[in-house]
Structure formats: C-alpha cells, structure tokens
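Below is one structure; the comments refer to it alone.
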Amino acid sequence: MKKIQRLAVLTSGGDAPGMNAAIRSVVRTAINENITVFGVYGGYKGLMEGEVMPLSRRSVSNILQKGGTFLKTSRSEAFCHQAGRRRAAATLKEWDINDLIVIGGDGSFHGAHALYNEHNVNVIGIPGTIDNDIYGTDLTIGYDTAVHTALSSIDKIRDTATSHDRLFLVEVMGRRAGFIALEVGICGGAEEILVPEKETTIDDLGKHIRNWSKAGKTSSLIVVAEGHKLGTASEIAKSIKDLSNIDCHVCVLGHTQRGGSPTATDRLLASRLGYHAVQALIKGKSDVMVGWINDHVTYTPLPDTWEKKKPLDEELLKIYGIISA
Ligand code: F6P
C-alpha cells in the first residue's frame, strides 16, 4: 500500500454522460482515504495553464445526474508536444501532486502515458467516451446513455418514415468504431446497419433496398456509423441516388448523442471505476486503465487500450443479419 497525500483528477477529449459521476466517486473515495483531492479545469489545456482547484465532498454535490463534465474538457494540440507536457508537469509539481486520474478516451490515455514516461507522474485512466472503442473494458462511461439517446431519435424517425413511406439514412457517432451503430440499429429495428468494421458496396445497398420493396416494405431505415468507408450518410445517400435512382432522407444525430442525463448503467459504472481508480493508486499501480469486465475490475496497461482492438460482438452481427428486414 502506498501513502498518497494529494491527487488530481481531470476530464479530457469528448465529454460523455457519466463523467460527473466518475469525478464525484474519485473525489469522495479520495477524501475517505484522507487524500487531498484537486480538480483540473479544462483537461490537459487547463493543466498546462495551471487551472487547478481543491475539491471537497460538497464541490461534487448534485452533479451525479448531470451530463457533460463540470470540470470542463478540451482537445489540446499543445499537449501532444513535449513542451506542452513539460508545462503540465510543472503545474503538478507546483501543487505538489504526483498522482493523476484521467477520465477520457484513447487520445487522453496517450497523453497520460506520455506524462508517466517523461515526468514520472503516476497516472490511472478511467474510460469515458460514448464510442465504447477502448480495449480493456466491456463498457466505457457514456456509451449506454448515447445508445439510449440515439435510439429515442431513431424511434421518432421511424414514425415519420412509416407515415411517408420513406427510406432514411441515420448517421450516428462512434469515431472509427461501430458499437453505437450496431446496438442502436438492432434495438431500432434497422433494415441495414453500416459499421466501419464490415465492408459493403453501394451496389449491394441498392440491391437490398429493392429487395425490401419487393418484399412489401414501404419504408426503411439504415443506420450509418460515422467513419464508414463509403462516406458520410449524405455521401452514401447521393451515391445510392446516382447508382440506383433511389431517394433517401438523411438525419445526422451528431452531438445530441453526447449530452443528457446519464443512465443508471453509466452512473453505476462511473461510480465503480472512480472508486477503483483511487484504490489502484493506493495499491501502487500506475500507467493502467481501470475497466470493468464480466463484473470484475480490471487493470489494462494504457498502451494496450489503444493498440489492442476491441472487436464488435460477432454474434450480434449475425443476429442482426437474420432478424433485420
Ligand atoms: O469520441 C467521441 C466523439 O463524440 C466521436 O464519436 C466523434 O467522432 C467525436 O467525438 C467528435 O468530436 P468533436 O466534438 O471534437 O467534434
């Protein structure tokens, strides 16, 4: 067991519902262990600029149910360079802090790993991103809420698609991964789901759409993951029109998927991982991400979280192939 006097927590990269619940859990667990805890405002940018504030149990009251992150977040280009990281390490030194918990996605973990390597800062990552594209955890904080948010939009689009006998292409987030698209597509009864992990052609899509019509379908819905090789939903709609002369309506759900009150699943995951992140530091761990796999806490070396690929659920892909359309 290591005696830790002071630690800091920050959120970085795209915000995700449940980040506040994770901060709250980190702060209260740390205080329970007699550790003085500090919040860094504005992610790595704030760390470089010295935006550090002490946090108390009361500073994190009433944030559990709120989307976004009250510590604010950023994507910092300057922190990707050694000079930026030197400034960030100097801030930590000034505050006499050598233990840092980073809540974010793989870009944030790259930064944490560099701080550990170059400046000997003890770092623990907590996976917070709606994309769920992090190796070493079944779920990332924010993913479950994003799926619920996207699904409620898809149900609404289905109503209007049915009323007008229209074909809709709905684009969801996910960066280069199809986790949100696959789950939302299955739960929303999409006729087709386009994920970056599986190749398809415009020609095939045209054929499928014609088959649905022949089978008596008058409206349909295709979920498109951003990052698909065929392009954005708008580009795919244009290609379908050009090649097969079929009209498609397009709806891009965009940043609506990042907001909103976190689901119970996300609050629970965030509360667990916040607690375990502090315990990991006390156990002397560093340069690892705390994750949750099969109902157990796990520790994954930070580089593995981006170097190893988390696969889509093959069985879900198979099931979707059978029950869609
Ligand atoms: O990583 C989360 C995410 O929402 C991705 O799904 C999306 O590609 C990206 O962030 C958008 O980032 P920004 O809000 O910086 O445009």
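Every read-out reported here was derived from the displayed coordinates using simple, explicitly stated rules and does not represent laboratory data. Just so it is clear, the model here is predicted, and its values are computed rather than measured. Methodologically, a virtual Cβ is constructed for each residue, glycine included, from the backbone with ideal geometry; neighbour enumeration extends over all protein chains shown.
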Dividing the alpha-carbon radius of gyration of segment 80-216 by 2.2 N^0.38 Å, where N counts its residues, gives 1.50
Of K198/K229; K45/K308; K156/K217; K72/K310, which sit over 20 Å apart, Cα to Cα?
K45/K308; K72/K310
Whole-Hz ³J(HN,Hα) from phi, Karplus 6.51 cos²θ - 1.76 cosθ + 1.60, for segment 260-277, glycine and proline x:
x, 5, x, 5, 4, 4, 5, 5, 5, 4, 5, 5, 5, 5, x, 4, 5, 5
Tell me which residues come under 5 Å, amide H to amide H, from T298 once H is placed; ignore anything under 5 positions away on its chain.
G291, W292, I293
Lys and Arg at +1, Asp and Glu at -1: neighbours of I186 with Cβ under 12 Å from its Cβ sum to -4
Computed FRET value (nearest 0.05) for L316 with D96, which takes r as the C-beta separation and R₀ as 35 Å
0.15
From the phi angles alone, apply the Karplus equation (6.51, -1.76, 1.60; θ = phi - 60°) to segment 25-34 and give each ³J(HN,Hα) in whole Hz, x where the residue is Gly or Pro.
5, 4, 4, 6, 5, 4, 4, 4, 9, 6
Semi-axes of the equivalent ellipsoid for segment 1-140, please: Cα gyration tensor eigenvalues, times 5, square-rooted, ordered largest first, whole Å.
20, 19, 14
Compute the helix-to-body angle for 202-214: its Cα long axis versus the longest principal axis of the chain, expressed 0 to 90° and rounded to tens.
60 degrees
At a threshold of 8 angstrom on Cα-Cα distance, excluding pairs fewer than six apart, so keeping six or more, what relative contact order does the chain reach in percent?
24 percent
Within the chain, helix-based [θ] at 222 nm, where runs of 4 or more DSSP H residues each add -39,500 (n - 2.57), nearest 500
-13500 deg cm²/dmol
Which one, G104, V37, L182, is farthest towards the positive end of the dipole of the chain when Lys and Arg carry +1 and Asp and Glu -1 on their Cβ?
V37
Can you list the residues, at least 5 places off or on another chain, whose amide H is less than 5 Å from the amide H of L194, using H built in the peptide plane?
V223, V224, A225
Computed Rg/Rh for segment 241-310 (Cα atoms; Rh = Kirkwood radius) stands at 1.24
Relative contact order (%) - segment 138-225, alpha-carbon pairs under 8 angstrom, separation at least six:
41 percent
With everything on Cα atoms, drop me the angle between helix 233-244 and the longest principal axis of the chain, reported from 0 to 90° to the nearest 10.
20 degrees
Taking every pair of distinct Cα atoms and averaging 1/r, then inverting, what Kirkwood hydrodynamic radius in Å comes out for segment 190-325?
18.5 Å
What percent do you get for the relative contact order of segment 85-236 when only Cα pairs under 8 Å and 6+ apart count?
20 percent
Identify which of T218, T265, T300 has the largest mean-square fluctuation in a Gaussian network model of the chain, with springs joining Cα atoms closer than 10 Å.
T218
Tell me, what ³J(HN,Hα) does each residue in segment 133-144 have, in order and in whole Hz, if you take phi through Karplus 6.51 cos²θ - 1.76 cosθ + 1.60 with θ = phi - 60° and put x for Gly and Pro?
9, 10, 5, x, 7, 5, 9, 9, 5, x, 5, 4
Taking the Cα atoms of segment 143-258 alone, what are Rg (to one decimal) and Dmax (as a whole number) in Å?
13.0, 38
If I build a Gaussian network model for the chain, linking alpha-carbon pairs within less than 10 angstrom, which residue out of G43, G104, G284 has the largest mean-square fluctuation?
G284
Calculated on alpha-carbon atoms, Rg and Dmax of segment 273-325 in Å
16.2, 52
Work out Dmax and Rg for the chain from the C-alpha atoms and quote the Rg first, both in angstrom.
21.6, 70
To the nearest 0.05, how large is the calculated FRET efficiency for M1 and H110 if R₀ is 25 Å and r is the Cβ-Cβ distance?
0.30
So what's the angle, to the nearest 10 degrees on a 0 to 90 scale, between helix 82-94 and the longest Cα principal axis of the chain?
50 degrees
For a label point 7 Å from the Cα of S213 along Cα→C-beta, name the residues of segment 233-267 whose backbone N is under 11 Å from it.
244-248
With N residues in segment 3-63, what two-decimal value do you get for its Cα radius of gyration over 2.2 N^0.38 Å?
1.09
Over the chain, with a Gaussian network built from C-alpha contacts below 10 Å, which listed residue (G68, G254, G142) shows the highest mean-square fluctuation?
G254
